[in-house]
Amino acid sequence: MNKFFDNMTVAEAEQVQNLTRLLYEVRENRSSLLAKYSAEDEQALLQKITAGEAGEHPAYEHYLSVNILAQTRESIREDIKNYLRGVAT
């Protein structure tokens, strides 16, 4: 059995759970926006907008949102890593 949470308090385990749930939701929302345009990443979506394959509006707003979601995802991942380091010490 996985002993990942064995040395954590209930509050610490809940914090990890909340952060990982948020990470999942951000990732899924980003994927959902990209899927609307059959784009695999932000750059592919921007190329479709530039080439006229996707209408400027709302595609550009979605492009901006996808960028924000990607940045948020990285920030949450860093928060989880730092939180787990603090719990481990």
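The values are calculated or read from the model by the stated rules, or taken from the named source; none is laboratory data. Being a predicted model, the structure only gives us computed values, none of them experimental. For neighbour counting, all protein chains shown are included, and Cβ atoms are generated from backbone atoms with ideal geometry for every residue, glycine included.
Just checking, how many residues over region 40-60 are of a type in the set (D, E, K, R) and under 17 Å from the mean Cα position of the chain (by Cα)?
Total satisfying the criteria: 3.
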Quiz item: Which one is farthest from Leu19 (Cα to Cα), of the residues in region 70-89 that are over 8 Å from the mean Cα position of the chain (by Cα) and among the β-branched types (Val, Ile, Thr)?
Solution: Thr89
Quiz item: Counting only residues that are assigned to a helix (DSSP H, G or I) and touching a helix residue (DSSP H, G or I) at 6+ places or on another chain (Cβ under 8 Å), which one in region 1-26 is farthest from Thr89 (Cα to Cα)?
Solution: Val26
Quiz prompt | Scan of region 36-89 for residues that are modelled with pLDDT of 95 or more and basic (Lys, Arg), ordered by number | solution = Lys36, Lys48, Arg73, Arg77, Lys81
Practice problem: Return yes or no: is Leu19 of a type outside the set (Lys, Arg), farther than 17 Å from Tyr83 by Cβ and surrounded by 12 or more Cβ atoms within 10 Å (Cβ to Cβ)? | Solution: no
Quiz item: With respect to Tyr83, is the statement that it is in contact (Cβ under 8 Å) with a residue 60 or more places away in the chain and hydroxyl-bearing (Ser, Thr, Tyr) true?
Solution: yes
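Yes or no, residue by residue, for (1) touching a Leu at 6+ places or on another chain (Cβ under 6 Å); (2) aliphatic (A, V, I, L, M):
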| residue | (1), (2) |
| --- | --- |
| Met8 | no, yes |
| Gln15 | no, no |
| Leu23 | no, yes |
| Ser38 | no, no |
| His57 | no, no |
| Leu64 | no, yes |
| Ile80 | yes, yes |
| Arg85 | no, no |
Quiz item: Which residue pairs have Cβ atoms closer than 8 Å, lie 6 or more positions apart in sequence or on different chains, and pair a first residue in region 9-37 that is in contact (Cβ under 8 Å) with a residue 60 or more places away in the chain and closer than 15 Å to Glu74 by Cα with a second residue that is surrounded by 12 or more Cβ atoms within 10 Å (Cβ to Cβ) and among the β-branched types (Val, Ile, Thr)?
Solution: Leu19/Ile76; Leu19/Ile80; Thr20/Ile80
Practice problem: Please list, ordered by first then second residue, the pairs with beta carbon atoms under 8 Å, 6 or more apart or interchain, first in region 38-63 and on the phi < 0 side of the Ramachandran plot and surrounded by 11 or more Cβ atoms within 10 Å (Cβ to Cβ), second of a type in the set (Phe, Trp, Tyr) and assigned to a helix (DSSP H, G or I). | Solution: Glu42/Tyr63; Leu45/Tyr63; Leu46/Tyr63; Ile49/Tyr60; Ile49/Tyr63
